[in-house]
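Derivation of every value follows stated rules applied to the coordinates shown; laboratory data play no part. Here the structure is a predicted model, which means the values were calculated and not measured. FYI the Cβ positions are ideal-geometry reconstructions off the backbone, even for glycines, and counts take in every protein chain you see.
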């Protein structure tokens, strides 16, 4: 429950920024469309080259991020809104996990030296106090092992193994939601594609003619939702892989530190 406020705060910040940007761009798009309509009615039609989406700006100097936001609005509020929500929630959970994992990363060698010094000078209780005042899963595992040191090395090993599994589950918390959003974003994009194609064929059926102007709108929406669904999935996949790599690094550190703790207890003859 401690991570819920962080997730809600990150999600609210991202949602607020997206909503403000969406509203501004929608108003701007409406005004631009009205101006364009007036210009077309008063001027003759001329052919202009199509904008290249791979360029940083359009022919009229529009930045790439403005093009992306405009296309997002053109995709429609239904599926694009769901895809945006998936992106916001996924990023919120990813940010919370990254913050948590960075706080969980500690210098295991330094902590081990402090525990060794405490064992030499003040015994088990002094070493437990050092672990109690240190953050991170390694310190928690050390504390559990030292707390059961009076039962012998076997008890220490059992405690370290059991509590290590608990810490690993805490590190991996929230990853299932990110993986779910990675899977759902393209699905909603493809669903928008299917519905857009259905809309295009309905227009053809009603008109009884295959005119490009009839099917262009539906096909355009279909392609836009697919593209944005794939973009969201790709962004979340990058964060997901980074978090997995961070977890693997912390788990390896936990395993090495646990072995070193047991060796340290044997060295101080705490087993009996």
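To one decimal place, what orientation-averaged projected area in nm² is obtained for the convex hull of the Cα set of segment 128-272? Don't skip to the end; give the middle numbers.
Numbers: hull surface 44.7 nm².
Its average projected convex-hull area is 11.2 nm².
So if we plug the beta-carbon distance of residue 248 and residue 220 into 1/(1 + (r/R0)^6) with R0 = 41 Å, what FRET efficiency do we get, rounded to 0.05? Walk me through the numbers on the way to the answer.
On the way: r = 43 Å, r/R0 = 1.04.
Computed FRET efficiency for residue 248 and residue 220: 0.45.
Need one number for segment 125-191: average projected area of the convex hull over its C-alpha atoms, nm². The partial results should precede the final answer.
Details: hull surface 22.2 nm².
One quarter of the hull surface, i.e. the mean projection, equals 5.5 nm².
Given a Förster distance of 45 angstrom, what is the FRET efficiency for residue 180 paired with residue 110, based on the Cβ-Cβ distance and rounded to 0.05? Could the numbers behind the result be given before it?
Working: r = 38 Å, r/R0 = 0.84.
Taking R0 as 45 Å, the efficiency between residue 180 and residue 110 is 0.75.
Provide the FRET efficiency to the nearest 0.05 for the residue 204-residue 66 pair, computing r from the beta carbons and using R0 = 41 Å.
On the way: r = 33 Å, r/R0 = 0.79.
Taking R0 as 41 Å, the efficiency between residue 204 and residue 66 is 0.80.
Stokes-Einstein diffusion coefficient for segment 70-152 at 10 °C in a medium of 1.306 mPa s, Rh from the Kirkwood formula over Cα pairs: what value in µm²/s?
Result for D is 99 µm²/s.
Using the count of nearby Cβ atoms within 10 Å as a rough guide to exposure, how do 265, 175 rank from fewest to most? Don't skip to the answer; put the middle values down first.
On the way: 265 22, 175 16.
If I rank by nearby Cβ atoms, fewest first, I get 175, 265.
Hey, quick one: spin label on residue 172, modelled 7 Å out along Cα-Cβ, who in segment 223-244 has an amide N within reach, i.e. under 11 Å?
Counting only backbone N, you get no residues.
Could you work out Rg/(2.2 N^0.38 Å) for segment 221-272, with Rg from alpha carbons only? Before the final figure, lay out each step's value.
Values: Rg = 22.4 Å, N = 52, 2.2 N^0.38 = 9.9 Å.
Working it through for segment 221-272, the quotient is 2.26.
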